[in-house]
1. Looking only at the chain, where both bridge partners belong to it, what percent of the DSSP beta bridges are antiparallel (to the nearest 5)?
2. Counting other C-beta atoms within 10 Å, and keeping those with at most 13, which DSSP coil trypsin sites (Lys or Arg not before Pro) do you find in the range 191-244?
3. Expressed as cubic angstrom per residue, what is the convex hull volume of the alpha carbon set of the range 277-368?
4. Quickly rank 350-360, 384-394 as a protection proxy: mean count of other C-beta atoms within 10 Å, highest first.
5. On C-alpha positions alone, give me the angle between the axis of helix 17-26 and the longest principal axis of the chain, in degrees, nearest 10.
6. Highest mean first, what order results for 253-265, 195-207 on Cβ atoms within 10 Å?
7. Would you kindly state how much longer the chain becomes between Ser223 and Val245 on full extension, computed as 0.36 nm times their sequence separation minus their alpha carbon distance, in nm to one decimal?
8. For the chain, with equal point scatterers placed on the C-alpha atoms only and solvent neglected, what are the log10 I(q)/I(0) values from the Debye formula at q = 0.08, 0.09, 0.13 1/Å, to two decimals?
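What follows is calculated from the coordinates using simple rules that are stated; it is not laboratory data. Please read all numbers here as calculations on a predicted model, not as lab measurements. Every residue, glycine among them, receives a Cβ derived from its backbone with ideal geometry; neighbour counts consider all protein chains shown.
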Amino acid sequence: MKPKICIYTGSFDPFHLGHKKLVERAIRVFDKVFVVVADNPNKKYTFASHIRKNIAEETLRGLPFEQVQVSILPNGLLECDYAKELGVSTRIKGVRNIQDTEYERMLHEITVSQEQGIDTHVLFSNPEDQKISSSAIKELMAYNADVRGYVTLATKSALEIAKGQLILGVTGTIASGKSFVCSLVRGHKPFDRDFTLGLLGGSNTFHHIDVDQLVGDITYGYSTDAEVLSLRQQVEDILSVKLMVDGKPNRKEVGAAIFSNSRYNSLLRELYRPITTRMIRKNIVDKTGVILINAPLLIDMGMTYLCNNNVVIVKSPVEDIKTRLAAREVDHVELRYQAQLNFQGKLELLTKAISSDSYGSCLILNNDITTPLGSPCTASNQHKINYIVEQIGTFAETILYEHHYRSRKPDQLH
């Protein structure tokens with residue numbers, strides 16, 4: 001019996017999860033689907049055709065290899081001509097609305113006019129996918145919006161790199177030294193090679209987004225933001241404590257109230273999550289270069305998607321952590337330490353996220369007396385700064401090189 005074969009053609013700039021769902025539906029009907037990346041001369045693309053092909057292949061990873069094949073439409077060929085070369089007599093198209101239907105009907109009539117005997121198999125998008133389009137995704141990415149339901153993390157990372165951003169998370173347990181690390185690298189250049197610099201559009205600087213500081217501003221800073229003001233009222237209602245007393249932050253009483261009931265921690269985390277994410281986006285949207293999102297609960301709260309699971313974990317011995325907390329005269333030292341995942345817990349959760357998303361990487365920075373990071377911070381101790389900049393810079397370079405390798409044309413791989 002002759003196998004049923006179809007062709008699915010589009011510009012796919014980029015290939016997204018809505019496209020993937022159509023392919024998944026198609027292989028339930030057809031024995032093989034040729035996914036073909038095509039260029040429209042009237043369009044300006046974010047990614048070259050070979051990069052779009054690679055993104056499609058990565059997104060479709062996991063589907064039966066023998067049923068799905070991705071290629072690029074050869075220059076000078078119509079879709080119907082290429083279909084005949086492949087031995088295909090059916091083209092599939094996804095439609096989301098009336099406009100899509102009319103456009104595909106027109107293309108079908110053109111195909112028929114070429115007397116190639118190519119039929120069109122229409123797949124109507126699922127209701128939840130009707131809002132997904134490549135152009136909408138790129139518009140959302142211009143504002144660093146949440147596109148998790150639309151593209152893979154690998155694609156999200158590629159879109160960020162295309163706009164000159166490489167986003168890394170920096171985390172660790174309380175008092176592990178993560179803010180210290182970020183403060184040392186801020187203002188330094190992560191790359192010293194022109195080739196690497198070119199991969200990020202010429203931007204060569206570190207930016208530090210201190211999420212603890214953002215949360216502090218949300219809780220205590222001057223604001224006319226309606227969502228911030230509403231959140232503050234909810235926090236006061238939950239804790240039965242005023243956030244401000246005589247115009248000053250009431251941090252001690254607020255902290256005591258939070259740690260008086262273990263339920264408050266999880267409740268407040270969920271309350272702060274949306275607004276904190278919005279403030280992070282607001283702070284990174286206009287930046288280019290290597291952006292460090294320094295957040296103690298980045299992994300604990302499942303927010304590593306913000307940095308595409310590319311995370312620096314600062315590790316420090318437990319006794320050193322407790323010594324630092326005691327020196328800061330912080331209340332509830334043991335409770336504060338136990339309120340977060342320990343190093344091993346963070347690493348295990350990040351590893352699971354990387355495996356689940358098939359994307360991400362981890363750098364562990366040891367902050368103890370046996371490393372330059374743990375040595376005394378003095379004006380003459382430039383090797384400490386050099387060590388940290390080199391470690392994080394190399395980590396960033398590795399991510400960019402992997403992106404570049406995946407993006408190269410086949411004839412550039414040797």
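1. Values: 2 of 43 bridges.
Rounded to the nearest five, the antiparallel share is 5 percent.
2. On the way: sites: Arg193, Arg232, Lys242; in loops: Arg193, Lys242.
Passing sites in the range 191-244 are Arg193, Lys242.
3. On the way: hull volume 11.6 nm³, N = 92.
It is 127 Å³ per residue.
4. Working: 350-360: 16.4, 384-394: 17.9.
Result, highest mean Cβ count within 10 Å first: 384-394, 350-360.
5. Value to nearest ten degrees: 40.
6. Order by mean packing, descending: 195-207, 253-265.
7. Working: separation 22, 0.36 × 22 = 7.92 nm, distance 1.64 nm.
Stretched out fully, the Ser223 to Val245 stretch lengthens by 6.3 nm.
8. One equal scatterer on each Cα of the chain leads to -0.55, -0.67, -1.13.
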